[in-house]
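Have a look at the structure below before the remarks.
The values are calculated or read from the model by the stated rules, or taken from the named source; none is laboratory data. Predicted model, so just to flag it, every value in this text is computed and none were measured. Cβ sites come from the backbone with ideal geometry, for glycine too, and all protein chains shown count toward neighbours. We work out accessible area using only protein heavy atoms, side chains counted, and drop any ligands, DNA or RNA first. Shrake-Rupley method; radii C 1.70, N 1.55, O 1.52, S 1.80 Å.
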Amino acid sequence: MPQRSLSRFIRAVSAHLLTASYMRKWLALGVLIGAVGGLGAVVFVHALDLATTVILGFVGGFTPPSPLYEGGVLEISTFLRPWAIPLVVAAGGLVSGLIVYRFAPEASGHGTDAAIAAVHQNPKGIRPKTSLVKIIASAITIGSGGSGGREGPTAQISAGLASYVSRIFNLSQDDARIAVTIGMGAGIGAIFRTPLGGAVVGAEILYRRDFETAAIVPGLAASIVGFVVFGTIEGFNPIFGSYTGLVFDQPIQLIYYALIGVVAALVGLLYNTSFWAVHDFFKKSSLPAWLRPAIGGFLVGCLALIFPQVLGTGYGWVQLMMRSDIHDFPLWLILLLPFAKILATNLSIGSGGSGGIFGPGMVIGALVGAAMWRLLEGIAPGMPLSPAPFIIVGMMACFGSIGHIPIATMLMVAEMTGNLSLLAPAMVAVGVATLIVGDRHIYRSQLASREDAPAHRFRFGLTPVGAMPITSVMNRPALVIAADEPAGSALAQVAAAGLSGAPVTNADGAFLGILSAGAEPTSDRQVAADLASSQGAVITIDSTLDTAIEQLALSRATWAPVVDTNRRLLGTTTSGSLLRRYTHLVHTSMRRLDALAGRGVLFEGRVAADSEAVGKTVAEVAWPPDTHVLSVRRGDDTLFATGKTTVMRGDELVAVTRPETSDELARLIGPPIDAGRAEEDQALV
């Protein structure tokens, strides 16, 4: 009974969210996602503190320094048992590897890439146990001395929680994508105590040259709630304290900050290149996946005997360099530390250990700033009296450029240090660094812009197609199952109709879920409603053609129910009817464009067996001039063409080309398919 009551409550909330206004919907979801993201960050911080105290402190005999408001251990500890350090870090990597590869292999690595990929590909598909495994594995990896950051695990943890929220409330794919985006930002903003930076980082980190603008307002709600939840338990002070006394008042310093941008970019590029080289080396090795983090950890432990600063997050060492006399650190150490931290992070996380690369990137940038100050002090006019400004700007420039999150990084570092006065010189350093880095990036799941995202590709293609209502491709359901129908009888009806599934509705006609033909009842008392799944795509009557295609493509479904704002079932639509209608509209649009401009025609052809394009990627094929491949239909699946899409025999390609080169394109791939096939597919579910 309680389970059914909970199910009714969730369905009622889902129906309310469907009918709520934009602001009401995202205020409610933002508060919920921010709260769970903040709590996830709290759990992870406590797990990490416990692991560091027990593993590195008690067993390894070493206590690393910590930032002012994260423990405030502002003294340099010595190794009580130096011989134990390599063994402790290796053991942490081994235990972490065993946990990850036994329970959730997707939790390996730095986590942020996995969260970004989930946003673009399957926002409702992050498994709940991934968050739990990520908490444990990352706490052990970093707590034993592995060089990693907290933001990557936190991003994946909060993204997983947001994904779960999206599933239980049956959000649309578009809303789920925004939910996971703001969950990722809320978690990062909470753990760094940077609410504004957290709101921006989720929207900025998805692309290299673009923003997910739809996530900004929801992100603000989620990030501030996450920050409040985390701060109520952990405190609200900036983690490095407030450096309000640091000011920019010497214009000549802009030259030095530009120089920091140059060096930070070059070091960032080294970090990027070497990280993925080490990652790919371990990935291709014949060693068992669970053993690789142990080997990486052992090497990090050996490196730490010379450079203890590489152990853990490294934030405490940054704090020491900003607050104490930097001359306590030898010049050779200051100059070599950025490269030692790069190597340690590559070995810890590139080998498959669980931790972030954002945090180490900022630490590396801080060390670059410290090294630049040591080299320029005493010889350059107008130098700051303290290395703190160079350290702060270095943090911003290094990872802001290589991570393609310049605005978010500047805001976050400003919030972490309580100083906004250095934003002007930081803009110079970050701008220079970003120009040097160019399109190279450390997050492989980042896309260039929204045009490359599955969620936006149709909107950026032909906008008139997006204006077509879903009613133009909606069919009457072939079969509707009543909620109280005995499960055995309902499944028999689905099988008799030869369907893969059928919608289940209650007495009021409200859609409850889809009864799959493969469902298996566990008792004779179960009814259709007990087996109905609410995880698939659900298209609302106010949807347009492009959003419907997007939802079906991202959920990998071949059909979906169409409902009104009260969740009453109105009909169904299929991927076939959607895509044929789309093709027909594109043909019509292109004919109109051609009549107006005479420059482009739509070509739809089937790839012949002897085509020279077979086996090549879209980027590798020598297409005729001004030819752009839009999509590839392969069996029942439609792939939205990118440069990496492989062309195969029998594929149906849709491309735009010049009228005078259409014959050349036909000779390359095969004769065009009759445009008459573009008529609407009337097949029911």
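Summary table below
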quantity: Portion, in percent, of the accessible area of the chain that falls on carbon or sulfur, probe 1.4 Å; calculated: 62 percent
quantity: Estimated dipole of the chain in Debye, rounded to 20 [Cβ of Lys and Arg +1, of Asp and Glu -1, Cα centre]; calculated: 660 debye
quantity: Solvent accessible area, Å² - Trp623, 1.4 Å probe, full protein context; calculated: 50 Å²
quantity: Peptides 645-651, 51-57 ordered by average Cβ neighbours within 10 Å, highest first; calculated: 51-57, 645-651
quantity: Kirkwood-based Rg to Rh ratio, region 603-673, C-alpha trace; calculated: 0.91
quantity: Once the Cα gyration tensor of region 81-138 is diagonalised, semi-axes √(5λ) in Å; calculated: 28, 11, 7
quantity: Stokes-Einstein translational diffusion, region 245-370 - Kirkwood Rh over all Cα pairs, 1.002 mPa s, 20 °C, in µm²/s; calculated: 136 µm²/s
quantity: Nearest-10 value in Å² for the accessible area of Lys283, using the 1.4 Å probe; calculated: 140 Å²
quantity: Expected 222 nm ellipticity per residue - DSSP helices of 4 or more, -39500 (n - 2.57), all of the chain, to 500; calculated: -17000 deg cm²/dmol
quantity: Probe 1.4 Å, protein heavy atoms only - accessible area per residue of the chain in square angstrom; calculated: 40 Å²
quantity: Distant-in-sequence amide H partners of Val527 (H built 1.01 Å from N, under 5 Å); calculated: Ala487
quantity: Whole-number D in µm² s⁻¹ for region 204-268, Kirkwood Cα-pair radius fed into Stokes-Einstein, 4 °C, 1.567 mPa s; calculated: 81 µm²/s
quantity: Share of Cα-Cα pairs in region 274-313 lying beyond 12 Å, as whole percent; calculated: 64 percent
quantity: Semi-axis lengths (Å, descending) of the ellipsoid that matches the C-alpha gyration tensor of region 127-260; calculated: 30, 20, 15
quantity: 29 Å Cα-Cα reach of Lys25 towards lysines, excluding residues that sit fewer than 8 places from it in its own chain; calculated: Lys124, Lys129
quantity: Top positive-direction residue, dipole computed over the chain with Cβ charges, set Gly438, Leu74, Leu27; calculated: Leu74
quantity: Value of Rg/Rh across region 39-129 [Cα atoms, Kirkwood radius]; calculated: 1.06
quantity: Fraction of antiparallel bridges per DSSP, the chain only, in percent to nearest 5; calculated: 85 percent
quantity: Contour minus Cα-Cα distance for Leu375 and Thr617 (0.36 nm per residue); calculated: 82.2 nm
quantity: As computed over the chain, the Cα convex hull volume per residue (Å³); calculated: 177 Å³
quantity: Accessible-area value, Asp325, 1.4 Å probe, nucleic acids and ligands omitted, Å²; calculated: 80 Å²
quantity: Inter-label distance for His46 and Ala609, nm, one decimal - labels placed 7 Å from Cα along Cα-to-Cβ; calculated: 6.5 nm
quantity: Computed magnitude of the charge dipole of region 95-167 (debye, nearest 20; Cβ of K, R +1, Cβ of D, E -1); calculated: 260 debye
quantity: Linear extension gain, Asp524 paired with Ser77, 0.36 nm per residue minus alpha-carbon span; calculated: 154.3 nm
quantity: Kyte-Doolittle mean at least -1.0 and Cα axial length at least 30 Å: DSSP H helices in the chain; calculated: 22-51, 253-284, 575-597
quantity: Length-normalised contact order of the chain in % [C-alpha pairs under 8 Å, at least 6 apart]; calculated: 14 percent
